[in-house]
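Undergrad: Structure provided below as structure tokens; questions to follow.
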Amino acid sequence: GNPPPFTRTVCPLLYEFPANRLVQSFKYQRQLAAGRVLSHLLCEYVATHEVPLPGMLIPVPLHSMRMLKRGFNQAYEMAAYAGRTLHIPLLANALRRRRNTPAQAGLSRKQRRKNLQGAFYWHGGVRPARHVVLIDDVMTTGTTLSECARVLKKAGAKRVDVWVAARAVPAN
């Protein structure tokens, strides 16, 4: 396939025990302490690995229906923490999700891409910074992040990096 539209991926943890438990309790049981630990580990990694800091942090958006059901967006919580810790502006509502796509779990990479085509769009008069970072809790195949990065580049970002707390363990 073609290279991902983001330049660098920062990811301190593999999505396996115990990180997966932290992610799950944060995401599905709203245990914000677990989210703080994940955010802290991410920021610490960034601070100690000479990661170039962007002009703007953008959380991967949740669709409003899922947001209502879950009550909060875990990517936003992580981005807010990182923004405060690293002193980077956060732009929360410009990248939006157009439709409530079915959950990606259990779909092949090709199905995921089709599922997400056109799902995200850039809204509002603000342009993204030249260098932006997308934040999410977990990266599985990277399809969601790639779609978001494409939209950001179309909106004017020159460089998009991805910061996630954990990355799925490769199947092979």
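Undergrad: At 1.4 Å probe size, with every protein chain present, just tell me what the per residue accessible area of the stretch 1-60 comes to in Å². List each step's numbers first, then the result.
TA: Values: 3460 Å² over 60 residues.
Per residue, the stretch 1-60 has 58 Å² of solvent-accessible surface.
Undergrad: Whole-Hz ³J(HN,Hα) for each residue in the stretch 76-87, computed from phi via Karplus 6.51 cos²θ - 1.76 cosθ + 1.60 with θ = phi - 60°, x for glycine and proline: what do you get?
TA: Calculated HN-Hα couplings, in order: 5, 4, 5, 5, 5, 5, 5, x, 5, 5, 9, 6 Hz.
Undergrad: Within the stretch 19-47, whose backbone N sits under 18 Å from a point 7 Å along Cα→Cβ of Val169?
TA: The answer is 19-25, whose backbone nitrogens lie closer than 18 Å to the label point.
Undergrad: From the helices alone, meaning DSSP H stretches of at least four residues, give me the mean residue ellipticity at 222 nm for the chain, per-run term -39500 (n - 2.57), in deg cm²/dmol to the nearest 500. All intermediate terms of the calculation are to be shown ahead of the outcome.
TA: Numbers: 6 runs with 68 residues, N = 172.
After summing the helix terms and dividing by residue count, I get -12000 deg cm²/dmol.
Undergrad: Also: Ignoring ligands, DNA and RNA, please state the percent of accessible area on the chain from carbon and sulfur, probe 1.4 Å.
TA: Numbers: 4850 of 9270 Å².
In the chain, the share of accessible area belonging to carbon and sulfur is 52 percent.
Undergrad: I would also like to ask the following. State the three equivalent ellipsoid semi-axes of the stretch 25-172, derived from the C-alpha gyration tensor as the square roots of 5 times its eigenvalues, in descending order and whole Å. Let's see the in-between values first.
TA: On the way: eigenvalues 90, 75, 51 Å².
The answer is 21, 19, 16 Å, longest axis first.
Undergrad: Now for a different question. Grab the Cα-Cα distance for Lys110 and Val51, subtract it from 0.36 nm times how many residues apart they are, and report the gain in nm with one decimal. Intermediate results must be reported in sequence, preceding the final value.
TA: On the way: separation 59, 0.36 × 59 = 21.24 nm, distance 3.09 nm.
Taking 0.36 nm per residue and subtracting the Cα distance, the gain is 18.1 nm.
Undergrad: Mind telling me which of Val51, Val133, Val60 comes out most flexible in a GNM of the chain, alpha-carbon contacts under 10 Å?
TA: Among Val51, Val133, Val60, the largest mean-square fluctuation in the Gaussian network model of the chain belongs to Val51.
Undergrad: In a Gaussian network model over the chain where Cα atoms closer than 10 Å are linked, find which of Arg113, Arg66, Arg98 has the largest mean-square fluctuation.
TA: Arg66
Undergrad: Please report, in debye to the nearest 20, how large the charge dipole of the chain is about its Cα centre when each Lys and Arg carries +1 at its beta carbon and each Asp and Glu carries -1 there.
TA: Working: 26 positive and 8 negative charges, 174 e Å.
My answer is approximately 840 debye.
Undergrad: Mind giving me the nanometre distance, one decimal, between the label points for Arg127 and Ser25, set 7 Å out from Cα along Cα→Cβ?
TA: It works out to 4.5 nm between the two label points.
Undergrad: Follow-up. Among Thr144, Thr85, Thr48, which one shows the biggest mean-square fluctuation in a GNM of the chain, springs joining Cα atoms closer than 10 Å?
TA: Maximum fluctuation in the GNM of the chain, among the listed residues, is at Thr48.
The values are calculated or read from the model by the stated rules, or taken from the named source; none is laboratory data. Note that the coordinates shown come from a computational prediction; the quantities given were computed from them, not determined experimentally. Ideal geometry is used to build each Cβ from the backbone, glycine not excepted, and the neighbour counts take in all protein chains shown. Surface areas here come from the heavy atoms of the whole protein model, side chains and all, with no ligands, DNA or RNA. Shrake-Rupley method; radii C 1.70, N 1.55, O 1.52, S 1.80 Å.
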